């Protein structure tokens, strides 16, 4: 995501002065392509740039970069943070930046690497209104209509819900196509019927054919799906809510991660539901599902 965002901004005339990644080889390759510095450390990034975009994997990574030198001499700088992390982390980052005289904006992305390259990301933003306005010229080149949602943390809340619902839809689609395959139905026909009925969803378009063809090239990983559903479940717990569908979905993605399939695209969840694939035809798993259903009815 970060690489394609940098390419997009370069194409739009923004000077890219530095890139940094824990994968130094990837950073050097991108820096060579963009004609910029591959920074050896985080303070170098902040020293060279006026605006710093961060795209990292999780809460721990966000804390590591913002306590690991990214805020050194950060006065006057703007940090645009695009990772899907817990809302509390975005609030924490804004506080840390403010203490250094810098500004921070969360710009949560509900799109994939293709949209990042095309500049058609859907960006949900949270922070101070004036910070959003400062970032707007950049955001409008990355996404068609960046949306300001409110104070720090609120965009992350919305993004968590977006991914929670998307993940549940993906898991449901995998079960529908898996059962259809077991019944001997033409899956191309089934997907067409889904598209014209209440079974229609965004993931039908993005993942349906991939599930059928077992093409799980990664656009949004299983590991990230598990993490993001976990963020939503944590928010639900804080509100005293029980979300059984979200919990069941996370268990499916957790199974994939445990099986070493976390690097597959989220469409890879179909490997658990199609007969003859990884786990899809095992009776003990079916028994487990029946037990879970009974427990749910008991509650």
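Among the helices (runs of 4 or more DSSP H) contained in the range 128-245, which hold 3 or more residues that are more than 18 Å from the chain's Cα centre (by Cα) and surrounded by 17 or more Cβ atoms within 10 Å (Cβ to Cβ)?
Numbers: elements: 129-142, 154-182, 187-195, 202-213, 222-238.
Where helices (runs of 4 or more DSSP H) fall fully within the range 128-245 and carry at least 3 residues being more than 18 Å from the chain's Cα centre (by Cα) and surrounded by 17 or more Cβ atoms within 10 Å (Cβ to Cβ), they are 129-142, 154-182, 187-195, 202-213.
Report, ordered by the first and then the second residue, all pairs with beta carbons closer than 6 Å, sequence separation of six or more or different chains, a first member in the range 226-253 that is in the same structural domain as residue 169 (by TED's automatic domain parsing) and in contact (Cβ under 8 Å) with a residue 12 or more places away in the chain, and a second member that is surrounded by fewer than 14 Cβ atoms within 10 Å (Cβ to Cβ) and part of a helix (DSSP H, G or I).
244/296
So residue 84 fits all but one of (1) in contact with a helix residue (DSSP H, G or I) (Cβ under 6 Å, 6 or more places away or on another chain); (2) at pLDDT 95 or above; (3) at negative phi; what number is the exception?
All conditions pass for residue 84, except number (2).
In this structure, does residue 77 turn out to be surrounded by fewer than 22 Cβ atoms within 10 Å (Cβ to Cβ), at pLDDT 95 or above and in contact with a helix residue (DSSP H, G or I) (Cβ under 7 Å, 6 or more places away or on another chain)?
Working: surrounded by fewer than 22 Cβ atoms within 10 Å (Cβ to Cβ): yes; at pLDDT 95 or above: yes; in contact with a helix residue (DSSP H, G or I) (Cβ under 7 Å, 6 or more places away or on another chain): yes.
Yes: the conditions hold for residue 77.
The values are calculated or read from the model by the stated rules, or taken from the named source; none is laboratory data. Just so it is clear, the structure is predicted and the values come from calculations on it, not from any experiment. No Cβ is skipped: glycine too gets one built from the backbone with ideal geometry, and neighbour counts run over all protein chains shown.
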